[in-house]
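All remarks here apply to the structure that follows.
The values are calculated or read from the model by the stated rules, or taken from the named source; none is laboratory data. Being a predicted model, the structure only gives us computed values, none of them experimental. Because the Cβ atoms are built from the backbone with ideal geometry, glycine has one as well, and the counts that use them run over all protein chains shown. Heavy atoms of the whole protein, side chains included, go into the accessibility calculation; ligands, DNA and RNA do not. Shrake-Rupley method; radii C 1.70, N 1.55, O 1.52, S 1.80 Å.
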Amino acid sequence: MQFNTLERILQNFKKEEDKVAFHINNKDYLYKDLSKLVASYQNSLKKIDHNYIGVLVSNTIECYAIQLAIWMSGKTFIPLNPKNPIFRNRKIIDEAHIKLVFHINHPGIDDYYNSSTTIKNLFEIETVEGSIPSVIQIHEEAIAYILFTSGSTGIPKGVTISWKNVNSFVDSILSYDFQYLDEERFLQMFDFSFDVSVASTLIPLILGYAVYTVSDSGVKFTEVYSILEEKEITFASIVPSTLSFLKPYFDEIKLPHLRNCILTAEASDNLMVKQWKDCVPNARIFNFYGPTEVTVWSTAYEWIDWESMKDYNGMPPIGKPLKNVQAVILNKENSMLGANEKGELCLSGQQVTPGYANDSEKNSTSFISIDGVRYYKTGDICYFDGDGEIMYCGRVDHQVQLRGYRVELNEIEFPIKKNYKVGNVIAIPYKTKDGTTSVVLFIEDYKGDSTEPMEFLKTVLPSYMLPEKIILLDKFPTNTSDKVDRKTLASLIF
């Protein structure tokens, strides 16, 4: 029988009612507090006859409760990030045919009103005393949530995730070799519109643990560290950009309570992770990989041998597929490749999305069938090493043609990462006036002069791989998913 995520959470509403479910903005909310809110919102949703529900999300117990209420009512949760331009959120509302949007005292809510969309303030929903949540029978193909990511045409593309996908993902994670304590404190640093928030919330609630969220205000990575230290977090999923931000303070950071640390959402840097290990002396450290289209995480790797660390241009393996995921490496002709042969990573299994919402063209190019098995094409260049672990080499779209040679951009980045004390290093391609491609190298938190690393690169790279120029920045910009914002970096070239 397939794992039932919502039933497990419902059991904890009763079993763990006096335990902390969420710690948000320095306030504890018990499982019974969460249960009461979910039940009240669920009662309101009974009057709604359409399935797709939008929520202008914020770091509040009300938003976590309405997410659960939507799910337990058999409806589809669609997060709208209030940091997005209003035009983008309205486009999502139109694309998903959303008829109802919940919010919490959102100051710009008047801009969302139109003739076909109802707007409701969660603070105005009456609390129903004595009511308890319930989970209706939900078909496994029903859509649990839709996350809209950036589309190449500028129109957001909606990734649909079914309950079959969610339950399979949860089963994969609970089958993984984590060693939990009696009392765990989970970090939740991700916006609702980014899928790692699903893992950071659902897994602890299923296990009856507490979720400690990061405030919307202040500097995000500073807030992350404060919570890790002050709340003695034991289980944290963070982006590698967090380590880059904290790196200048590694000598002062000690987090002995952290026992499981997942790095995710961006490529990790072995050298930085090895330095981070000293800050978290009792933690197992993992590299978890996964596109949104395969439900949060697909593969996992644990750093164990710190002396002879596997790497490709300084990047660690992304490991082996989780329980409900299968992986192959394909060449351009869609033939499967063997060990140590580079190609595109393609994933199949019960975690793979049914497809993009209302986008048949994108569905036809992103999924292929081989011997009756449906695969998602990740766009990531990888290979299986001799141990059967997947080595990540970069993005297909991060390969560029420089002066007639095919180059992976991380080959330009790695020598600086390896030989200099810096934060992040990113090579950004751009079109020159004569129509050829060139590269600008951005270096974070380098205290010297840009001429020195350029002279160094001339000694280790062939001339065709040299960047046109180097731009130094104190801190790289990040987007709402806390990843490095490559588009903003590109805008700095001109």
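From the list S200, S175, exactly one residue is among the small types (G, A, S) and surrounded by 17 or more Cβ atoms within 10 Å (Cβ to Cβ). Which is it?
Of the residues listed, the single one that is among the small types (G, A, S) and surrounded by 17 or more Cβ atoms within 10 Å (Cβ to Cβ) is S200.
Pull out all pairs, ordered by first then second residue, where Cβ-Cβ is under 8 Å, the residues are six or more apart or on different chains, the first lies in segment 10-24 and is within 18 Å of S134 (Cβ to Cβ), and the second is open to solvent by 50 Å² or more (accessible area, probe 1.4 Å) and in a loop (DSSP other than H, G, I, E, B).
Qualifying pairs under 8 Å: L10/S134; F13/I132.
Which of the residues belonging to segment 108-153 are open to solvent by less than 80 Å² (accessible area, probe 1.4 Å), farther than 29 Å from R8 by Cα and under 23 Å from the mean Cα position of the chain (by Cα)?
Of everything in segment 108-153, those that are open to solvent by less than 80 Å² (accessible area, probe 1.4 Å), farther than 29 Å from R8 by Cα and under 23 Å from the mean Cα position of the chain (by Cα) turn out to be T149, S150, G151.
Can you tell me which of F192, F102 is open to solvent by less than 30 Å² (accessible area, probe 1.4 Å), in a loop (DSSP other than H, G, I, E, B) and either touching a strand residue (DSSP E or B) at 6+ places or on another chain (Cβ under 6 Å) or of a type in the set (S, T, Y) (or both)?
Answer to the selection: F192.
Restricting to segment 9-28, name every residue that is of a type outside the set (S, T, N, Q), open to solvent by less than 80 Å² (accessible area, probe 1.4 Å) and assigned to a helix (DSSP H, G or I).
Selection gives I9, L10, F13.
Among Y289, Y301, which is of a type in the set (S, T, Y) and surrounded by fewer than 23 Cβ atoms within 10 Å (Cβ to Cβ)?
On the way: Y289 fails: surrounded by fewer than 23 Cβ atoms within 10 Å (Cβ to Cβ).
Exactly one residue qualifies, and that residue is Y301.
Using the structure shown, decide if E126 is assigned to a loop (DSSP other than H, G, I, E, B) and under 17 Å from V38 (Cα atoms).
yes
Could you please give the count of residues in segment 171-219 that are under 15 Å from the mean Cα position of the chain (by Cα) and not β-branched (V, I, T)?
Result for segment 171-219: 13.
Report every pair of residues separated by at least 6 positions or lying on different chains whose Cβ atoms are under 6 Å apart, first residue within segment 246-266 and touching a residue at least 60 places away in the same chain (Cβ under 8 Å), second of a type outside the set (A, V, I, L, M, F, W, C) and assigned to a helix (DSSP H, G or I).
Hits for this filter: E266/P240.
Among what's in segment 258-277 and is charged (D, E, K, R) and over 18 Å from the mean Cα position of the chain (by Cα), pick the residue that is farthest from K231 (Cα to Cα).
K274
Can you tell me which residues in segment 326-342 are part of a strand (DSSP E or B) and open to solvent by 10 Å² or more (accessible area, probe 1.4 Å)? Break it down stepwise before answering.
Of segment 326-342, the ones part of a strand (DSSP E or B) are 326-330, 336.
Listed by number, the residues that qualify are Q326, A327, V328, M336.
Among the residues of segment 283-299 satisfying the criterion of being part of a loop (DSSP other than H, G, I, E, B) and within 20 Å of G394 (Cα to Cα), which is farthest from the chain's Cα centre (by Cα)?
S298
Kindly list, by first and then second residue, each pair from a residue in segment 166-190 that is over 16 Å from A236 (Cβ atoms) to a residue that is among the hydrophobic types (A, V, I, L, M, F, W, C) and loosely packed, with under 14 Cβ neighbours inside 10 Å, limited to pairs with Cβ atoms under 6 Å and residues at least 6 apart or on different chains.
Note: no pairs meet the criteria.
Do the conditions hold for I93, that is, is it crowded, with 19+ Cβ neighbours inside 10 Å, part of a loop (DSSP other than H, G, I, E, B) and within 27 Å of the chain's Cα centre (by Cα)?
no
Go through (1) out of contact with any strand residue (DSSP E or B) (no Cβ under 7 Å at 6 or more places or on another chain); (2) open to solvent by 40 Å² or more (accessible area, probe 1.4 Å); (3) acidic (D, E) one by one and return the number of the condition D397 breaks.
The one condition D397 does not meet is (1).
For segment 300-324, enumerate the residues that are at pLDDT 95 or above and either in a strand (DSSP E or B) or small (G, A, S) (or both).
Once the filter is applied, which keeps residues that are at pLDDT 95 or above and either in a strand (DSSP E or B) or small (G, A, S) (or both), segment 300-324 yields A300, Y301, E302, P317, I318, G319, K320, P321.
Considering segment 418-445 alone, what residues qualify as being touching a residue at least 60 places away in the same chain (Cβ under 8 Å), outside any loop (DSSP other than H, G, I, E, B) and either open to solvent by less than 10 Å² (accessible area, probe 1.4 Å) or in contact with a Phe, Trp or Tyr (Cβ under 9 Å, 6 or more places away or on another chain) (or both)?
I426, I428, Y430, E444 - these are the residues of segment 418-445 that are touching a residue at least 60 places away in the same chain (Cβ under 8 Å), outside any loop (DSSP other than H, G, I, E, B) and either open to solvent by less than 10 Å² (accessible area, probe 1.4 Å) or in contact with a Phe, Trp or Tyr (Cβ under 9 Å, 6 or more places away or on another chain) (or both).
Could you tell me which numbered condition S348 fails, if it satisfies all but one of (1) polar (S, T, N, Q); (2) open to solvent by 10 Å² or more (accessible area, probe 1.4 Å); (3) within 24 Å of S172 (Cβ to Cβ)?
Here S348 clears every test but (2).
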